[in-house]
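Written out below as structure tokens is the structure these notes cover.
Nothing in this text is a laboratory measurement; each read-out follows from the coordinates by a stated rule. Just so it is clear, the model here is predicted, and its values are computed rather than measured. Ideal geometry is used to build each Cβ from the backbone, glycine not excepted, and the neighbour counts take in all protein chains shown.
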Amino acid sequence: MGQFGMLTRENGFTKEGKHMKRWVNVELAKETAGRFKEYCRDYHIKFETSDCFNLIHFECLMDDMEIAKANDFIAARC
């Protein structure tokens with residue numbers, strides 16, 4: 001829970017040599033979701049959120065490089 005390594009593909013695929021964006025998702029604890037929202041805004045990542053019991057569900061439009069960086073951020077700060 002709470003890692004973009006657990007973030008799953010919703011649709012779209014990366015073609016070889018291109019950085020295509022696709023919708024991916026992750027759930028974070030409400031206590032730490034605010035940090036990730038700030039991260040997305042700072043890096044101009046399009047995202048949507050919804051409540052999921054005691055978690056916040058994020059849908060984010062990212063390419064592979066953005067996913068890797070987000071994973072690092074979440075591992076270190078969320």
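Maximal additional length on extending the Glu38-Asn71 stretch stands at 10.4 nm, based on 0.36 nm per residue less the C-alpha distance. Per-residue 3J(HN,Hα) values for region 55-72, derived from phi via the Karplus relation 6.51 cos²θ - 1.76 cosθ + 1.60 with θ = phi - 60°, read 10, 10, 8, 10, 10, 10, 9, 9, 9, 4, 5, 5, 4, 4, 5, 5, 4, 4 Hz in sequence order (x marks Gly and Pro). Each of Leu28, Leu61 was scored by other Cβ atoms within 10 Å of its Cβ. Listed from fewest to most, they are Leu61, Leu28.
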